[in-house]
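Notes to accompany the following structure.
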Amino acid sequence: MQKEAVIAGVSTQIVWWMGERKKKLVELRHETMSVNPFLLPLILGIHQFKTFDELVDFLVAAHLSTGYSTGFGKLMDEKILPKVFGTTKLDKAERRNPILKMAVFNEIDHIIKPGDGQPCKLLSLKAGRWTIQLTMAVQLNRVFGELLKYRDSKVLGEYAFDEIAVGVFYGTKETLTDKYDILRGINRGAQHDVQDLTKHVNVYAGREFWTWLNGGEQQTQEWVLEGILQGFSTAEKSMGSLADLLAGFRKEFSQQFQSFVRPDHTIDWQAIIRKING
């Protein structure tokens with residue numbers, strides 16, 4: 001993909017995503033927040049918050065941040081990769097195919113078809129360095145090994161592949177945990193029951209991932225970021241700032257706890273736990 005196409009494509013998806021964020025904020029209610037009453041006094045003490053409102057600001061920001069991270073991961077997976085870079089997202093419709101509905105494809109998120117009769121590539125997309133734990137790494141090694149056996153037995157047809165890639169869209173390979181080595185069959189220290197798949201399974205992170213995704217173009221991640229910035233600017237011009245919606249959500253959440261703040265600004269933690277836990 002050329003620079004202009006990447007920027008324009010990503011920008012379009014960001015405008016859509018910002019619209020979805022606005023919808024969620026309009027629909028959002030404080031009941032969607034899970035509040036741990038045991039943790040509240042610890043957070044207030046650790047951060048040395050002087051007022052309950054400061055604690056509210058922290059809790060609301062943490063809640064929204066989790067939603068942003070989840071939503072942005074889905075944006076990359078379900079929109080930007082297939083709609084901008086032309087991958088085939090293995091959604092429910094695609095998995096109706098008798099081959100793709102096989103259990104060994106459960107950990108594959110995208111198929112990349114280069115064309116010109118070249119073998120396809122399989123992509124398992126991960127959110128970050130901590131996404132994979134030990135059990136998952138060992139399981140991925142087993143599943144990837146089974147995929148290679150199916151490929152070698154010539155039963156995958158058009159889905160015969162020459163590479164299985166595990167992609168992380170931010171960070172670097174050096175900052176990933178050793179679980180990304182284990183899924184390839186590399187043991188460092190403790191010995192795990194894994195097979196060496198290093199000739200067939202590769203891990204790409206950060207710039208290396210975007211370069212791999214876009215046929216070797218080193219500047220792809222910069223183009224993606226430019227598209228994000230352009231898309232945000234376009235969305236903000238058309239829909240305005242979301243600040244008022246955010247302020248409304250914060251106010252609604254704060255009001256449900258105001259009765260537990262005493263006149264001297266101390267907090268009745270026991271009353272809060274009874275409200276939440278019964």
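Odds and ends about this structure:
- Flag if residue 54 is assigned to a helix (DSSP H, G or I), farther than 30 Å from residue 227 by Cα, of a type in the set (Asp, Glu) and free of Cβ contacts under 8 Å to residues at least 60 places away in the same chain: yes
- The single condition among (1) surrounded by 16 or more Cβ atoms within 10 Å (Cβ to Cβ); (2) in contact with a helix residue (DSSP H, G or I) (Cβ under 6 Å, 6 or more places away or on another chain); (3) closer than 26 Å to residue 210 by Cβ that residue 160 does not meet is (1).
- Selection count, region 178-224, where residues are of a type in the set (S, T, N, Q), touching a Ser or Thr at 6+ places or on another chain (Cβ under 9 Å) and either part of a loop (DSSP other than H, G, I, E, B) or crowded, with 18+ Cβ neighbours inside 10 Å (or both): 5
- For residue 106: the one exception among (1) under 19 Å from residue 197 (Cβ atoms); (2) surrounded by 15 or more Cβ atoms within 10 Å (Cβ to Cβ); (3) in contact with a helix residue (DSSP H, G or I) (Cβ under 9 Å, 6 or more places away or on another chain): (2)
- Hits in region 59-108 (condition: of a type in the set (A, V, I, L, M, F, W, C), assigned to a helix (DSSP H, G or I) and out of contact with any strand residue (DSSP E or B) (no Cβ under 9 Å at 6 or more places or on another chain)): 59, 60, 61, 62, 64, 72, 75, 80, 84, 103, 104
- Residue 244 satisfies every condition listed in (1) acidic (Asp, Glu); (2) in a helix (DSSP H, G or I); (3) modelled with pLDDT of 95 or more except (3).
The values are calculated or read from the model by the stated rules, or taken from the named source; none is laboratory data. From a predicted model like this one, the values you see are computed outputs, not experimental measurements. Note that each Cβ is placed from the backbone with ideal geometry, even for glycine, and that neighbours are counted across all protein chains shown.
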